[in-house]
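J.: Questions regarding the structure given below will be posed in turn.
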Amino acid sequence: MTVNAGRRAAPRRAVLAGAAGLLTAVLVVGLTTAAQAGTTLGASAAEKGRFFGTAVAASRLSDSAYTTILNREFNQVTPENEMKIDATEPNQNQFSYGNADRIVSHARSNGMQVRGHTLAWHSQQPGWMQNMSGSTLRNAMLNHVTQVATHFRGQVTWWDVVNEAFADGSGGGRRDSNLQRTGNDWIEAAFRAADAADPNAQLCYNDYNIDNWTDAKTQGVYRMVQDFTSRGVPIDCVGLQSHFTGGSNYPGNYRTTLSSFAALGVDVHITELDIRNAPVDAYRNVTNDCLAVARCKGITVWGIRDSDSWRSGESPLLFNGSGQKKSAYDAVLTALNNGTSQPTGTPTTPPPTTTPPPSGSCTASITPGTVWGDRYNTSVDVAGAGTWSVVVAITSPQKISSTWNGSPTWDSSGNRMTMRSNGSGNTFGFTTMTNGNSSARPQIVSCSAG
Ligand code: G2I
């Protein structure tokens, strides 16, 4: 754990120093022309020690209406497609950085930080990579990570090292892909290669549908990050893409998800925010949730105007096609201006490796135990409270057959167990009979203190 924290201490200082610089600039402006402070998304976020960014397409940099908004409102950019594998290595070992370099250059000359997106992904692979497998693919992937992270060394603040590696659905496991088939350690191998190529970049895992804390996919990513931080795999941050649509709405427990990841000792970023029809409430809630979590360092929207969006038909962004601010823009800016400040003036104090959970709640994390043919063990560690009750959901027809170090009660379906502390410490465990379903795994529903 401390290996991880120590390794990332220097880049973290660099990021905060950058934010502090922005803050200083904003404060100086504020002293001279007070009306300027907090009147744009980027300036207001910087006052709170955070970034507010957008995805940028190189093809739009020649559109002055676009760059006017970009330069005025945002202090962070993510190239929307230009750093993907098919763009940067279209032929094996022939690297192509023109469009990505144009975005980086624009960003840096306008004081914006850059998020690199993305070094390793099952999608947008060039044809030569799609046809590879095994150690040939593993080596090609690692070479790609090394080459690209080296090219942008010193220019990219954060890298989405690995993107979208977990499966949707109930299992909480990895997505099948050619990369996954090279071995389960492909993700940590990519992080180690990125770390070696650019030790000062902040290294992130990025995914969608990891917004709802009780979803199996969220829990699966959480367990991976927990495993990485405990073993010293170099990871600094988790990106929640947060593409909210009718089928994947803003969840009421979003803040719990942010704070739970943060409690693992990583920063959290909202990396690709867009919301169908741009409802004011959801945009406000997302902003407030980020501001409520000290390690939520910033928000990136996935495009500037609705017409720039990958799903423009849903009008999910903060500016309309004419570049005018929408109601959601006002809601976000107001939330930013009213929000919690980050201690940007003291950037050298490292943040704690665990963040206290919100009062009245606690954090429960699952560690898988021994698996037999017909049953398996699970243990749960509770942090943030001395006395607690944890609700665990089981997937029928699985059934919990025995428990230890806690006092269980059951709901009428038998699929939910509430485990209360009984003075035996902060770790409890149980055995689950698979009853024919060997893939489902228990999920934490909630953790309440007291
Ligand atoms: O799908 C939305 C996002 C989900 N998370 C990862 C992001 O990287 C992803 O972004 C989208 C871009 O917004 C799209 O612009 O990723 C798509 C696939 O990479 C992008 O679409 C691609 C089209 O598939 C290509 O046909 C097209 O040439 O955009 C390219 C450039 O317009």
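Computed from the coordinates by the stated procedures, all read-outs in this text should not be read as laboratory data. From a predicted model like this one, the values you see are computed outputs, not experimental measurements. Cβ: placed from backbone, ideal geometry, glycine included. Neighbour counts: every protein chain shown.
J.: Can you list the residues, at least 5 places off or on another chain, whose amide H is less than 5 Å from the amide H of Ser361, using H built in the peptide plane?
T.: Result for Ser361 returns Ala449.
J.: So who's got an amide H within less than 5 Å of the one on Gly339, skipping anything under 5 residues away but keeping other chains? H placed 1.01 Å off N, in plane.
T.: So Gly339 has HN proximity to no qualifying residue.
J.: Count charges around Ser401 for me, please; just the other residues with Cβ under 13 Å from its Cβ, Lys/Arg as +1, Asp/Glu as -1.
T.: Working: positive: Arg375, Lys399; negative: Asp374.
Local charge sum for Ser401: +1.
J.: Next up: If r is the Cβ-Cβ distance from Ser177 to Thr39 and R0 is 35 Å, what FRET efficiency results, to the nearest 0.05? Intermediate values should be presented prior to the final figure.
T.: Working: r = 44 Å, r/R0 = 1.26.
Step by step, r from the Cβ atoms, then E = 0.20.
J.: Per-residue HN-Hα couplings for the range 199-214, Karplus 6.51 cos²θ - 1.76 cosθ + 1.60 at θ = phi - 60°, whole Hz, x for Gly and Pro?
T.: Listing the rounded values in order: x, 8, 6, 8, 9, 10, 9, 10, 7, 10, 6, 10, 8, 8, 4, 8 Hz.
J.: Separation between the Thr367 and Ser59 pseudo-spin-labels, each 7 Å from Cα along Cα→Cβ, expressed in nm?
T.: In this crude spin-label approximation the distance works out to 5.1 nm.
J.: Quick check: residue separation of Thr150 and Ser439 times 0.36 nm, minus the Cα distance between them. What number comes out in nm? Could the numbers behind the result be given before it?
T.: Numbers: separation 289, 0.36 × 289 = 104.04 nm, distance 4.00 nm.
Taking 0.36 nm per residue and subtracting the Cα distance, the gain is 100.0 nm.
J.: Then there's this: For Met433, Met417, Met83, what ranking results if the residue with the fewest other Cβ atoms within 10 Å of its Cβ goes first?
T.: Values: Met433 17, Met417 21, Met83 26.
Arranged by neighbour count, lowest to highest, Met433, Met417, Met83 become Met433, Met417, Met83.
J.: Moving on. Ordered by residue, what ³J(HN,Hα) values in Hz, to whole numbers, does the range 172-189 give under the Karplus form 6.51 cos²θ - 1.76 cosθ + 1.60, where θ = phi - 60° and Gly and Pro are x?
T.: Running phi through 6.51 cos²θ - 1.76 cosθ + 1.60 with θ = phi - 60° gives x, x, 6, 6, 6, 6, 4, 5, 4, 6, 7, x, 4, 7, 5, 5, 5, 4 Hz.
J.: When the dipole is taken about the Cα centre of the chain, and only Lys, Arg (+1) and Asp, Glu (-1) are charged at their Cβ, what size is it in debye, to the nearest 20? Before the final figure, lay out each step's value.
T.: Details: 35 positive and 33 negative charges, 130 e Å.
Dipole magnitude for the chain comes out near 620 debye.
J.: Now a separate question. What is the distance in Å between the Cα centroid of the range 370-425 and that of the range 109-151?
T.: The distance from the Cα centre of the range 370-425 to that of the range 109-151 comes to 41 Å.
J.: Tell me which residues come under 5 Å, amide H to amide H, from Gly321 once H is placed; ignore anything under 5 positions away on its chain.
T.: Asp306, Ser307
J.: Separate question: Measure out, as a whole number of angstrom, how far apart the alpha-carbon centroids of the range 287-338 and the range 175-191 sit.
T.: Rounded to whole Å, the Cα centres lie 33 Å apart.
J.: Per residue of the range 413-423, in order, report the coupling 6.51 cos²θ - 1.76 cosθ + 1.60 (Karplus, θ = phi - 60°) as ³J(HN,Hα) in whole Hz, putting x for Gly and Pro.
T.: With coefficients 6.51, -1.76 and 1.60, one gets 6, x, 9, 10, 10, 9, 9, 9, 4, 10, x Hz.
J.: Please report the antiparallel percentage of DSSP beta bridges with both residues in the chain, rounded to the nearest 5. Please report the intermediate quantities before stating the final value.
T.: Numbers: 38 of 73 bridges.
Antiparallel: roughly 50 percent of the beta bridges in the chain.
J.: Moving on to the next point. Suppose the chain between Asp281 and Ser327 were pulled fully straight at 0.36 nm per residue; how much longer would it get relative to their current alpha carbon spacing?
T.: Details: separation 46, 0.36 × 46 = 16.56 nm, distance 1.00 nm.
In short, 15.6 nm is gained.
J.: What net charge is computed for the residues neighbouring Thr245, neighbours being all others with C-beta under 13 Å from the C-beta of Thr245, Lys and Arg scored +1, Asp and Glu -1?
T.: On the way: positive: Arg276, Arg311; negative: Asp211, Glu272, Asp274, Glu314.
With Lys, Arg at +1 and Asp, Glu at -1, the neighbours total -2.
J.: Arranged by the count of other C-beta atoms within 10 angstrom, fewest first, what order do Arg192, Arg231 take? Kindly include the intermediate steps, with their values, before the conclusion.
T.: On the way: Arg192 17, Arg231 11.
Ordered from fewest to most neighbouring Cβ atoms within 10 Å, Arg192, Arg231 come out as Arg231, Arg192.
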